[in-house]
1. If A:Y433 satisfies all but one of (1) buried (at least 16 other Cβ atoms within 10 Å of the Cβ); (2) modelled with pLDDT under 90, what's the number of the condition it fails?
2. Here's a check for you: in segment A:182-212, which residue that is surrounded by fewer than 21 Cβ atoms within 10 Å (Cβ to Cβ) and acidic (D, E) is nearest to A:L156 (Cα to Cα)?
3. Can you pull out the helices (runs of 4 or more DSSP H) entirely within segment A:530-594 that have at least 3 residues that are without any contact (Cβ under 8 Å) to a residue 24 or more places away in the chain?
4. With respect to A:G464, determine if the residue is surrounded by 17 or more Cβ atoms within 10 Å (Cβ to Cβ), on the phi > 0 side of the Ramachandran plot and in the same structural domain as A:E406 (by TED's automatic domain parsing).
5. Just give me the residues in segment A:150-181 being part of a helix (DSSP H, G or I) and surrounded by fewer than 16 Cβ atoms within 10 Å (Cβ to Cβ), in sequence order.
6. For A:S422, which of the numbered conditions (1) within 14 Å of chain B (Cβ to nearest Cβ); (2) within 16 Å of A:N371 (Cα to Cα) fails to hold?
7. Would you check which residues across segment A:284-304 are part of a loop (DSSP other than H, G, I, E, B) and either surrounded by fewer than 15 Cβ atoms within 10 Å (Cβ to Cβ) or within 17 Å of the chain's Cα centre (by Cα) (or both) and list them?
8. Would it be correct to say that B:K10 is at negative phi, part of a helix (DSSP H, G or I), surrounded by 10 or more Cβ atoms within 10 Å (Cβ to Cβ) and over 31 Å from the mean Cα position of the chain (by Cα)?
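The values are calculated or read from the model by the stated rules, or taken from the named source; none is laboratory data. Keep in mind that this is a model prediction, so the values were computed, not measured. FYI the Cβ positions are ideal-geometry reconstructions off the backbone, even for glycines, and counts take in every protein chain you see.
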Amino acid sequence: MRVKLKVKHLTWMLAVFLIILPVCMIFLLPQAELWIAKQKIENGEPAGNEKLLGVLDKKITKKQRYDAVQTYMVDTTDGSLYDINISPSGSGSTSTNGMYSKFTWTEKLPYLQDYIENGPLQSEYPYAVRNLAFYYQQNGKPELSEETFGQGLKRLKQNGDPFLLQELQLFSIEASVQLRNFQGAENILKELKKYADPSNMDLQIQIAKAEAEMQIQQGQTELAANTVGQILTDIEKSGGDITLTDSVLYEKLQALNNRLQYALLTDEPLKKVTGRVIYADGTPIAGAGIFLRDTAFANYSIFSNEENHTETNENGEFSFDHVLPGNYEITAGLSLDMIDGYMVPFEAGDVLSLDGNNDEVYDITLEPVINLVQPVNEAVIQEDHFDLEWGPVEGASYYMLEFTAEEDGASYSVKLDTRITSHKTTVELEDLYALSTNFILNEEDTKEDFFEPASLLGFSNPEGTYSWGVSAYDNQDQLISSSGGYRLSEENINNIPMIHLQNRELTSADELLLDGKLKEALQEYKLNVKKDKSDLHSLRMITAMIGVESDGTWLNRTELALPYYIMLAEQTENADYAWEILDYYQYQRDWDNYNHWFQQYINWTNNILDGYEASSHASALLFQSKKEQARTFFQKAANSDWNNADLENWFVLELLGGQSIDEIIDLAMRYPSQYAASQYTDWSIILHHMNEESKNRDDYQEELQHVLSLYIAGDVTALNTWIESTDLEALKEFIQQLKEMNF
Amino acid sequence: MTDKTKTKEKLDSDLHSIHFTKQENVLQKLKEKEQRTKWHRFWNKEISIPVIPVSTVFITGLAIFTFIGLNGNKPVDDEPLFIEFGGSTYLQQQFERKIENES
């Protein structure tokens, strides 16, 4: 097919094209560039941010510009202000939503300013205002912070959605309280209350919280407790008539109530928390986010508005000046650039306890990650042992190894108990095989999507992929650094600790297991043990799998596994098996067997007990009425790491021993329970209520002694009868909470 | 002497004082006309364009231009940006490259 054209027509066409081209360059090219920039950002390419900044000032529509600002620059939760949030309980979570990193303040400042002034009043708007105001507040410009809120409120009042206005009013009250502009906060609160729908319980809770926070910061703790108490009573009275769409709000209110009750027991309720964030070489880290979070919510990701949130100044310093006593966990918000090549030496259970007596200092030092030397990069281990080596750490008193079975979707990490004093060691594969990674509690477990039969094999799967890591500790048992950290750039990636353990071959039972034929596999393992009682692999596999035959309860599974644990313990003298056994006997209150296995446990662990183990044993001694011995172990637990210990039975012991409730309140305040949260009330609060209650009853002491004796005897039937018949509400709460935590 | 010759002589004597000096101009004009005709011919020349080869070249060019313009951008995938392995956080792509290189 051909078309005929005159030369002159062709020339005209070319001319028109050449005239249109520059117009296209001006108007269409930015569109293409915008598209490319978005693609790059969403692909997580570091260059994406710069590309987007390059196109935002070109000829794109206003809508496109504000859309991009909303999507990539406005942070709707406090946590998403930072690339990564690291806390002791949740190692580290990235919040870049697929972006390589967030925009810096220098980059996004002019766009946010413009957005607040002229941008669309959509759901992101209140957050944009809050982001910018927070920035000004952190950078010593409180007047600009207030001005920003003023501007946002004005625009929303003129032509915004009332819902967005209320949201911004709440943010504004919180910010004013932080800036200690109580009059300003009061004015907005009045306005908010005037128009707030009384049937919107979520909003009412938020208003009550904001009001209580204002009262707390003004030192009116009692008034704040009344404000919170009032709305909690309203909710309880409604008997479910009120619908709460956000259950976390209610939990937060309860937690605040607990903290207020606790604060009322102390003379000076507000404490100061200060600290510094630096690198190991002393260089300060400026602009790091710091959150002080109630431990009740440590497992939740950062909320959209955290009460205690600040950033470090140019010296890396931060401070919270007026914090209610209670248990807190620090979370650090960092950028990828700050953390690359480093780790934060947080350890699970690092809790900051504000006990009402002292201000606290909490410094955070980012340590360089430990580099691993061997075995690395898919090394295959075929011997029955292998050598490990890593970079030495200055000041390390000892190192501890951790091994991980890396499965698709889930990984199982186990720490080896051995303390290694050099930066090299040898590990026997048999010791790894003994580590339990996963077990089946009941058949339902095996039907879950994430269930992977291979995970039951732990470290004895020659087809598995494993990794290892090392942590360095000082002579005070404090973590210095570890190999696990952030390795984002080429120079920090180092060796990857991926290994394969191919010293054994799969047995036919293992093959059945990997095929998902769990029951057949279990039968074959049992048959193997019948033939040969020293078949440790089969014994271990039975303990991991016998849950498929259980009724689904922990007790039943442990009962079924018990004979195999005993066989394993006797043959290997491994303390982990002894703990499984003694735990079962403690639950059954079979004290002869418990004491026997506890002795074995002590023998095999070289007498080292952590806070949890010491307190657990102390409780077992108390339940055997060995009160003096129990007291020694409770004290031991409290002196080691009481954050991890269950000390409520210590209070029981001392109350039984005749100490006054007042004295026990002091003890409970010195060691606040880490569980004191939304589910559990702190013991000091319950004890305080008991103290009040005791003033009206002459026979209180006798009643207390009676019911505590029933408790330590484990007489559940008698306890239940007592709970049903008593009118001593505070004592009843004490006993119910004890029962819930211990039986 | 013929009439013709006579006439010729007469004419010569009448015109002997008149000289034609614009030969150059005439020649120039003739040339210009010829060029205009040439140009006109070219301007109105019909060319026949084969649709398939030309459009193929055009589309290929456009495709290459777009590809270069997009900088070889991959389409958005669902692959996570970060990967955790052995307690460390890596960039997924770098991690995979490193494993590939080492093995």
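1. Exception for A:Y433: condition (2).
2. A:E191
3. Counting at least 3 such residues, we get A:554-572, A:575-587.
4. Spelling it out, it is not the case that A:G464 is surrounded by 17 or more Cβ atoms within 10 Å (Cβ to Cβ), on the phi > 0 side of the Ramachandran plot and in the same structural domain as A:E406 (by TED's automatic domain parsing).
5. Correct list: A:G150, A:K154, A:K157, A:Q158, A:N159, A:P162, A:F163.
6. Every condition holds for A:S422 apart from (1).
7. A:A286, A:A298, A:N299, A:Y300, A:S301, A:I302, A:F303, A:S304
8. In short, yes.
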